Amino acid sequence: MGTRNRLGIGLLGLGTVGSGVARILPAKGEALFGHLGASLAIRRVLVRDPAKPRSVPIDRACLTTNPADVLDDPEIDIVVEVIGGEDPALGFLQRAIANGKHVVTANKEVLAKHGPELLRAAAERGVAVKYEASVGGGIPIIAVFQHDLSANEISQIRAIINGTTNYILTKMAGEGSEFSGALAEAQALGYAEADPADDVDGHDAVYKLAILASLAFHAEIRPHHIFREGIRRLSARDFEYAANLGYAIKLLAIARRADGGVEARVHPTLIPRDRLLAKVDGVFNGVEVDGDLVGRLMLYGRGAGAEPTTSAVVADVVDVVQHLVRGVSPASAEPPRQPLPVVPMDLVSSRYYLRLIVADRPGVLAQIAREFGNHTISIASVIQVAANADTGTAELVVMTHRASESAMQKTVAAIARLPVVPTVASFLRVED
Ligand code: NAP
Ligand code: HSE
C-alpha cells in the first residue's frame, strides 16, 4: 500500500457529535497531523436539513443531502458516521466499506446489531472500522479491550454506560428531581439519543454492553440476547430506602462468565455506596473490568456530550491517518469471535429489594414471609415505615439473600396475588 498525505474526510451527520468533529478537526489539524506531514480536509458533510442553523462554522457548499456525494467520492478516504440509528446508517457504512473507505463511527446500535458482519466486510476489503466513541463517550475503552487487556481472560464487566440515565438517577437521588425535568436537562446538554426512550428504557446500555461483552469474551453477543429493564419505574421512595440501607441505585450493565456461557443484563441495581461504581455520578460513566492478570480495573470519565465524544472520534481518525501516512493498513484485526450462549435470565441469581404497599393489619407480614419460604428464599431484612392512616396501608421493604431469578419472580407473582398486598411498588436487583 502506498503512503497517503493529503486525506479527505466525509462526515455523515452534523448534530451534537458531528459539530464537535467539524470544529476540532480543523482547529487541531496542524497539531494532530502536521508532524506526520499529513493534511486532512473535511470535503463533504451529509445532513438532513441543509438550511438548519449550525453551531459550528462550516462552508455551506460542503453540506449535502445526497449520500453518494460522501460515499462515492474517490477523494474521501475516511468516512465518519455520526448520524445514529440503524437505518440508513448501516447501509451508508456498508457502502463506504464496499467503496474502500475507512470508517469511524459512534453508532453503538449498528455496531451491536451488525458489528461482526461489518468487521468481516471491512477485513475482506482491507479497510478499518473504528468505533471508540460507541461506548463510554470520552473514555478510552474499545482500544483498552482490543490492545491493553488482550493478555487477560476477562471474567466480569460491571458498568454504568449510559450518561443520560446516570444524569437522571443522580438528580433524582441527590436533589429529589422529577424524572421528566432531569431528562429534559440531559437532552438540552446533548447527552440523550434522538429518541430518549433508547436511553431510559435501557436499549443504549444494551447496545454498549453487547459491544463490550463481545470484545471481552471474543464472542458474538447480540442485543436481543441481553436482559433489559429501564429506569422509568423508579420512584423517589426507592432512592430514600436505598440510601438508608447504604446503597445507591444505578442502571448497571453486567456481563460475566457463567457456567457454559455468559450472563448479560442491564437493569436498575442497588450497589453498596462505598463501591467506586456507586460514586459514578451525573453524565460520568464507569466501567469495572476483572481480568485474570490485571485484577480489577476501573475506567471512569464523561460518557456523553459533544466534546468527550469528539475526543474519541478524533482519536480514531488520528489512528487511521497515522497508518495511512506510514503506508500501513489500518484495517482492524480482531481475534475470531465464537458463539457463546447467554444464560437465560431465569437461571441468574442475585439478591433482591422488594417494596410493597400492604394492608396495615396483623398477620400481613406472616403471609408475605410465607411466600418467600414457599419458594425457599431467605429474607435478609424487613423495614416497615410510613403507615398511612387514611388508606390503612403501610410500606414494606424486604431485602433477600441470594436467590434465583425464577424463584424470585414466582414469589413476587404470589405476593402480588395476596389480597393484603394492593401494590408491588418496586422490585430491584442488588449487586454486592
Ligand atoms: P444528533 O445530534 O441527533 O445528530 C444527528 C445528525 O445526523 C444530524 O446532523 C442530522 O441532520 C443527521 N441525520 C440524521 N438522519 C439523517 C439522514 N437520514 N440523512 C442525513 N443526515 C441525517 O445525534 P448525536 O447526538 O450527534 O449522535 C450521533 C451518533 O453518535 C449516534 O450514533 C449516537 O448514539 C452517538 N453518540 C452520541 C453521543 C452524545 O453524547 N450525543 C455520545 C456518544 C455517541 P440534521 O442536522 O440536518 O438534522
Ligand atoms: N445517549 C448516550 C448516553 C450518548 O446518554 O450515554 C452516549 O453514548
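The values are calculated or read from the model by the stated rules, or taken from the named source; none is laboratory data. Because the structure is predicted, anything quoted here is derived from the model rather than measured. Note that each Cβ is placed from the backbone with ideal geometry, even for glycine, and that neighbours are counted across all protein chains shown. Note: accessible area is taken over every heavy atom of the protein model, side chains too, but ligands, DNA and RNA are not part of it. Shrake-Rupley method; radii C 1.70, N 1.55, O 1.52, S 1.80 Å.
Dividing the convex hull volume of the Cα atoms of the range 139-193 by its residue count, what figure in Å³ per residue is obtained? Present the calculation step by step, with values, prior to reporting the outcome.
On the way: hull volume 5.7 nm³, N = 55.
Value for the range 139-193: 104 Å³ per residue.
Under the criterion of Cα pairs below 8 Å and six or more residues apart, the relative contact order for the range 185-245 equals 28 percent.
The mean sequence distance of close C-alpha pairs (under 8 Å, at least 6 residues apart), as a share of the length of the range 264-412, puts its relative contact order at 19 percent. Residue by residue, the range 360-372 carries 3J(HN,Hα) couplings of 8, 8, x, x, 5, 4, 5, 5, 5, 4, 4, 5, 4 Hz when phi is fed to the Karplus relation 6.51 cos²θ - 1.76 cosθ + 1.60 (θ = phi - 60°); x denotes Gly or Pro. The stretch between Asp292 and Asp259, if pulled fully straight at 0.36 nm per residue, gains 10.2 nm over its current Cα-Cα span.
Among beta bridges from DSSP that stay inside the chain, the antiparallel ones total about 70%. The Cα atoms of the range 345-430 cover 41, 21, 18 Å along the three principal axes, with the biggest extent listed first. Under a GNM of the chain (C-alpha, springs under 10 Å), which listed residue has the highest mean-square fluctuation: Gln187, Gln94, Gln409? Comparing Gln187, Gln94, Gln409 in the GNM, the peak value goes to Gln409.
Comparing mean-square fluctuations of Gly230, Gly84, Gly260 from a GNM of the chain with C-alpha springs under 10 Å, the top value falls on Gly260.
What number, rounded to the nearest 500 deg cm²/dmol, is the helix-based mean residue ellipticity at 222 nm of the chain, given -39500 (n - 2.57) per DSSP H run of at least four residues and division by all its residues? Before the final figure, lay out the partial values.
Details: 12 runs with 146 residues, N = 432.
So the helix-based figure for the chain works out to -10500 deg cm²/dmol.
The Cα center of the range 261-306 and the Cα center of the range 335-412 differ in position by 25 Å.
Which values of log₁₀ I(q)/I(0), to two decimal places, follow from the Debye formula for the chain at q = 0.07, 0.08 Å⁻¹ with a uniform point scatterer at every Cα? Evaluating at q = 0.07, 0.08 Å⁻¹ gives log10 I(q)/I(0) of -0.39, -0.50. Per q in 0.14, 0.17, 0.27 1/Å, what log10 I(q)/I(0) does a Debye calculation on the alpha-carbon atoms of the range 246-318 return? After summing over all Cα pairs, the log10 values are -0.60, -0.84, -1.23. Give the distance, in whole Å, between the Cα centre of the range 2-79 and the Cα centre of the range 215-255. Between the Cα centre of the range 2-79 and that of the range 215-255, the gap is 37 Å.
Below 8 Å, C-alpha to C-alpha, sequence gap of six or more: please give me the relative contact order for the range 345-430 in percent.
Numbers: 159 pairs, mean separation 42.0, N = 86.
Result for the range 345-430 is 49 percent.
Of the residues Pro330, Ala219, His267, the one whose Cα sits farthest towards the positive end of the charge dipole of the chain is Ala219 (charges of +1 on Lys and Arg Cβ, -1 on Asp and Glu Cβ, taken about the Cα centre). Ligands, DNA and RNA are left out, and with a 1.4 angstrom probe the accessible area of the chain is 42 Å² per residue.
Could you please report the charge total around Thr376, scoring K, R as +1 and D, E as -1 over all other residues with beta-carbon less than 13 angstrom from its beta-carbon? Write out the running numbers ahead of the final one.
Details: positive: Arg370, Arg402, Lys410; negative: Glu371.
Every neighbour counted, the sum reads +2.
Rounded to whole numbers, the Karplus 3J(HN,Hα) couplings from phi for the range 161-169 are 10, 10, x, 4, 5, 5, 5, 5, 5 Hz, using 6.51 cos²θ - 1.76 cosθ + 1.60 with θ = phi - 60°, and x at Gly and Pro.
Report, in listed order, any pair from Lys52/Lys279; Lys28/Lys113; Lys28/Lys108; Lys171/Lys410 with a Cα-Cα distance greater than 28 Å. Walk me through the numbers before you get to the answer.
Working: Lys52/Lys279 39 Å; Lys28/Lys113 33 Å; Lys28/Lys108 26 Å; Lys171/Lys410 33 Å.
Result: Lys52/Lys279; Lys28/Lys113; Lys171/Lys410 exceed 28 Å.
Rg and Dmax, both from the Cα atoms of the range 141-302 and both in Å, are 15.5, 45.
Only four residue types carry charge here, +1 at the Cβ of Lys and Arg and -1 at the Cβ of Asp and Glu. Report the dipole size of the chain about the Cα centre in Debye, rounded to the nearest 20. Don't skip to the answer; put the middle values down first.
Values: 44 positive and 49 negative charges, 31 e Å.
With Lys and Arg at +1 and Asp and Glu at -1, about 160 debye.
Given springs between every Cα pair under 10 Å in a Gaussian network model of the chain, which of Leu189, Leu11, Leu71 has the largest fluctuation? In the Gaussian network model the winner is Leu189.
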